[in-house]
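Step one of this worksheet: look at the structure below.
Throughout, read-outs are computed from the coordinates displayed, never taken from laboratory work. This one's a predicted model, so the numbers in the text were calculated from it and none came from an experiment. With ideal geometry, Cβ positions are generated from the backbone for all residues, glycine too; neighbour counts draw on all protein chains shown.
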Amino acid sequence: MNAKEEMDKIAKEILTCTRCELYIHRKKAVPGMGALNSKIVLVGEAPGREEDESGFPFVGRGGKILEASLGELGVKRSDVYITNVVKCRPPKNRRPKSIEVLSCLPYLEKEVLLINPTVIVLLGATAATYLYDESLPLTKLPRAKKLEKIRGIPGQTKIQGRSFTAVATYHPAAVLRNKKLKTKFLEDLKLALDLARFSCSSV
Ligand code: URA
């Protein structure tokens, strides 16, 4: 099976998944999307309303700011792979429960292992909470404080015994709410791109 066929198989599993209760209310499950040979995988929290309706990740307002920010750094969204920790929309966009995240993580693991990126970008506190393996004792900090401490500092994500460089940053929705975060958000994305020695011609 080639990479596209393997990713199509993962997407098929996601689209018919009933591992947690989120499938009950979803319109569409939302697999990741983008370049399968990307050196960067960006991971958000969970689909929102537009994503649930369209079946594609980050197509709403958060997606627009993410796309524009990547654009400012010379990267097209189709150059990278974008996905979420949880593939179905939580009701009223509530934060996903641990049981939902843990049920869904095997899909993200499969996506990441197939793409084999150099850097994983963790967009927001949910992705950072579940995927940033820190060596500093930060786990007791509240989510937002923890994100503020680790953002912009390269860390690790461990998946099935393999280590990937991870850069945590704000969720695009937070940048929409607070425009002052945009500069740091861009810095963090640039750091991730630099770490991946990203160049559009190499993807
Ligand atoms: N927020 C996310 O975390 N992911 C999406 O796909 C859309 C909004």
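Return a whole-number percent for the relative contact order of region 3-195, with Cα pairs under 8 Å and 6 or more residues apart as the contact set.
Reported as a whole number, the value is 23 percent.
Of the trypsin sites (Lys or Arg not before Pro) found in region 10-101, those that fall in a DSSP loop while having at most 10 other beta-carbon atoms within 10 Å are Arg94. Using a simple spin-label model with pseudo-atoms 7 Å out from Cα toward Cβ, Glu187 and Gln156 lie 2.6 nm apart.
Using a simple charge model, +1 on the beta-carbon of Lys and Arg, -1 on the beta-carbon of Asp and Glu, nothing else, what dipole does region 3-195 show about its Cα centre, in debye to the nearest 20?
Details: 34 positive and 22 negative charges, 154 e Å.
My answer is approximately 740 debye.
Spin-label model, His25/Lys145: points 7 Å from Cα along the beta carbon direction are separated by 3.0 nm. Per-residue ellipticity at 222 nm, computed for the chain from helices alone with -39500 (n - 2.57) per DSSP H run of at least four residues, works out to -12500 deg cm²/dmol. Pair-distance distribution P(r) for the chain, from all Cα-Cα distances in 5 Å bins starting at 0: 1, 8, 17, 22, 22, 18, 10, 3, 0, 0 percent.
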